1. Can you tell me which residue within region A:37-49, out of those that are open to solvent by 10 Å² or more (accessible area, probe 1.4 Å) and either modelled with pLDDT under 95 or not hydroxyl-bearing (Ser, Thr, Tyr) (or both), is nearest to ligand 2 (Cβ to nearest atom)?
2. Considering only helices (runs of 4 or more DSSP H) fully contained in region B:1-108, which possess at least 3 residues that are open to solvent by less than 10 Å² (accessible area, probe 1.4 Å) and more than 26 Å from B:Gly134 (Cα to Cα)?
3. Does region A:120-128 contain at least one residue that is closer than 27 Å to A:Met90 by Cβ and surrounded by fewer than 20 Cβ atoms within 10 Å (Cβ to Cβ)?
4. Might you let me know whether region A:235-249 holds any residue that is modelled with pLDDT of 95 or more, assigned to a helix (DSSP H, G or I), more than 21 Å from A:His147 (Cβ to Cβ) and away from every other protein chain (no Cβ under 14 Å)?
5. For region A:110-121, check the following and say yes or no: at least one residue is away from ligand 2 (no atom under 16 Å from the Cβ) and β-branched (Val, Ile, Thr).
6. Do we find a residue being within 16 Å of ligand 3 (Cβ to nearest atom) and of a type in the set (Val, Ile, Thr) anywhere in region A:41-51?
7. Which fully enclosed strands (runs of 3 or more DSSP E) of region B:281-381 have 3 or more residues being open to solvent by less than 10 Å² (accessible area, probe 1.4 Å)?
8. Which condition number does A:Thr154 fail, the rest of (1) β-branched (Val, Ile, Thr); (2) open to solvent by less than 10 Å² (accessible area, probe 1.4 Å); (3) more than 11 Å from ligand 1 (Cβ to nearest atom) being met?
Amino acid sequence: MKATAAKPLPHPMEDLIRMDRIPHIWCSGCGTGSVFMACLSAIKESGIPYNEFSMVSGIGCSGRGAGYINVDSFHTTHGRAIPFATGIKMAKPDLNVIVFSGDGDLFAIGGNHFIHAARRNMDITVICVNNLIYGMTGGQVAATTPHKAKSSTTAAGNPETPFNLPLLAYASGATFVARWTMLHSRDIADAVQMALNNKGFSFIEVLSPCPINYGRRNKEKALETLRLYHDNTIIKSNADLSELDIDFKRGVVLGNFINKEKPSHDEQYSKIYHAEAG
Amino acid sequence: MKPAVLTGKHFINGDVACAEGAIAAGCKFFGGYPITPATEVAEHISERLPDVGGTFIQMEDEIAAMTSILGAAWTGAKTMTSTSGPGFSLMMETVGLAVVTETPCVVVNVQRAGPSTGLPTQGAQGDMMQAKWGSHGDYEIIAIAPSSPQEMFDFTIIAFNLSEKYRTPVFIMSDEIVGHMSEKVVIPKPSKIKTISRKKPKGPKNKFKLYKPDADGVAPMPAIGDGYKVHVTGLTHDEIGYPVMSIEAQEEMMTRLLGKIRNNIDDIIMTEQYLLDDADIVIVSYGVSSRTSYTAVDMAREKGVKAGLLRLITVWPFPDALIKELAQRVKGFITVEINLGQICREVQRCAGTDIPSYLAGHAGGAVVPPEDVLSIIKENF
Ligand SMILES: Cc1ncc(C[n+]2csc(CCOP(=O)(O)OP(=O)(O)O)c2C)c(N)n1
Ligand code: SF4
Ligand SMILES: [Mg+2]
């Protein structure tokens with residue numbers, strides 16, 4: 001009998017992925033790819049032409065996202081995805097600008113840009129893959145690493161306290177704020193759609209495992225992390241944002257917490273400056 | 001609403017003239033952060049950009065300002081930022097990103113005396129080497145030094161043209177004295193202003209390679225939304241723009257990046273010469289220091305010393321060949337600059353050790369008086 005090799009099925013997101021760049025760099029067991037896929041499905045489902053999208057990433061494992069999406073995409077410098085995205089948005093406000101990056105990138109080195117873009121209500125969508133660690137550089141402590149968790153620079157446990165990211169985003173002025181885990185692909189995709197529809201600064205935190213550089217050191221196997229995401233999370237969209245600290249013992253709160261209307265920066269600028277000039 | 005080109009005679013300072021030059025050149029986006037003595041550039045352009053449908057944003061720091069102009073540049077806009085020493089330092093990582101992603105943009109540095117906070121309200125030319133080497137890795141940069149408000153206008157247009165033509169960041173290395181001095185500035189008719197815009201790609205979109213150069217070494221540049229689906233990265237990349245982590249890819253990319261400037265130096269380098277033909281002593285200067293250098297040449301000539309001036313309009317790339325050629329026939333060089341010997345080192349590097357080369361300079365805060373040049377001549381020649 002003659003064996004014929006089965007033709008592989010096309011990837012459902014083939015039109016949105018740079019197939020010539022696959023395989024990607026993400027480790028097996030990494031959550032980043034799932035977050036990325038959920039984000040792509042939202043883009044696809046939005047029905048908006050792909051030419052009206054632009055993705056910007058900083059540096060890190062998650063920051064490689066921009067390298068795989070088949071829209072105009074920018075892999076910038078560490079921490080600076082948001083100001084790059086700001087330049088794009090303000091120079092061409094019709095574009096949908098998505099920032100896809102890591103917790104270290106967006107909240108340590110890039111923290112100042114984050115709060116200012118939120119304060120301005122810059123109409124961009126920021127998706128943060130929060131793996132609680134600096135994955136790419138080998139597992140150093142991040143601004144999101146839980147107190148007492150181990151990292152390669154806090155071998156005996158993190159002496160610091162992490163940010164509560166949704167609270168920070170809200171306090172800074174974000175008009176859409178959500179948190180999900182990478183297990184919640186459907187919810188992530190819905191959140192990204194809502195974020196795209198929200199004319200303002202949108203922030204989606206997605207908890208995602210880094211089994212290599214966080215799990216290993218903290219005695220948490222990849223599947224155990226997923227179990228925590230499944231068993232120890234509570235969906236509560238009307239939650240008090242100040243109670244969103246990440247503590248799996250108490251239960252981590254997920255949801256689409258904030259979705260409000262407020263004029264975006266480009267709308268305000270154009271109203272005050274271009275309307276009067278014209 | 002005012003037009004883009006304010007044709008006529010104006011009495012304005014250098015910073016304002018620079019902003020007007022940018023608008024006349026077609027600048028449509030400015031991301032800034034206030035700093036003395038460059039603040040007036042941002043203030044003035046924030047008023048003017050809306051007239052031409054452009055956008056101004058004051059960012060949270062100079063890193064953000066510099067990064068924002070790169071993002072905006074990829075939408076097809078001509079973009080600019082302005083700063084002084086401390087902000088210039090903060091911009092440096094992003095300057096490297098602009099170089100390697102071949103993103104046209106203009107950065108104005110109205111220099112003040114450094115290091116650190118230094119003398120915020122007093123001029124200097126101490127950032128000249130930082131302009132060349134401030135970001136990590138090897139690269140070539142274009143830097144232009146205006147010496148008057150008129151040149152702040154004229155050279156800003158040249159800076160935009162070079163940045164668009166060569167897809168590279170261009171620095172305008174001004175200083176507090178030129179930035180804050182007010183003089184007559186003549187703005188010509190729009191038809192008399194030559195502006196250049198980046199080449200746009202033609203041909204099929206699916207075959208397009210973002211960094212495949214034309215014969216001139218420069219690749220056409222699409223804008224976001226044009227349908228080319230570009231990927232732009234600061235990682236070492238191939239002609240498509242995709243990251244390739246290999247020695248060969250690094251070599252190929254760097255050869256082209258450096259070559260793009262080095263193979264076009266005849267087009268890029270601009271100098272001015274004054275009484276140089278029969279000169280024994282060459283005074284090399286640039287920016288505000290070239291103003292006092294003209295006086296120094298005249299004073300030397302009055303005393304019977306054959307001095308001449310080589311004024312660098314572009315300081316980077318450096319005119320190696322010209323200095324080498326002069327070194328064959330003159331008795332010595334004096335470099336006039338408001339620092340402790342930055343471009344002077346370049347002159348020495350090119351002139352060699354057989355010929356004397358001196359610095360007329362100081363640590364910053366004021367111009368170099370022509371008398372300083374005269375006393376160097378008196379003591380050594
Ligand atoms: C200016 C600068 N500093 C440091 C680095 C090194 N670096 C690369 S990625 C990274 C951390 C990334 O962490 P995160 O954003 O959480 O991404 P992850 O890899 O975890 O997805 C660091 C510190 C760099 N590239 N640039
Ligand atoms: S190091 Fe961690 S974050 Fe990076 S790809 Fe591997 S698992 Fe993912
Ligand atoms: Mg991380």
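1. A:Met37
2. Result: B:14-25.
3. Filtering region A:120-128 down to residues closer than 27 Å to A:Met90 by Cβ leaves A:120-128.
From what is left, the residues that are surrounded by fewer than 20 Cβ atoms within 10 Å (Cβ to Cβ) are none.
The answer is no; no qualifying residue exists.
4. no
5. Filtering region A:110-121 down to residues away from ligand 2 (no atom under 16 Å from the Cβ) leaves A:110-121.
Restricting the remaining residues to those that are β-branched (Val, Ile, Thr) gives A:115.
Checked against the condition, which is being away from ligand 2 (no atom under 16 Å from the Cβ) and β-branched (Val, Ile, Thr), region A:110-121 yields at least one hit.
6. At the first step, the residues of region A:41-51 found to be within 16 Å of ligand 3 (Cβ to nearest atom) are none.
No, the conditions are met nowhere in region A:41-51.
7. Ranges flagged: B:281-286, B:307-312, B:314-316, B:332-337.
8. (2)
The values are calculated or read from the model by the stated rules, or taken from the named source; none is laboratory data. All figures in this text were calculated on a predicted structure; none of them were measured in a lab. In this analysis, Cβ positions are derived from the backbone assuming ideal geometry, glycine residues included, and neighbour counts consider all displayed protein chains. Note: accessible area is taken over every heavy atom of the protein model, side chains too, but ligands, DNA and RNA are not part of it. Shrake-Rupley method; radii C 1.70, N 1.55, O 1.52, S 1.80 Å.
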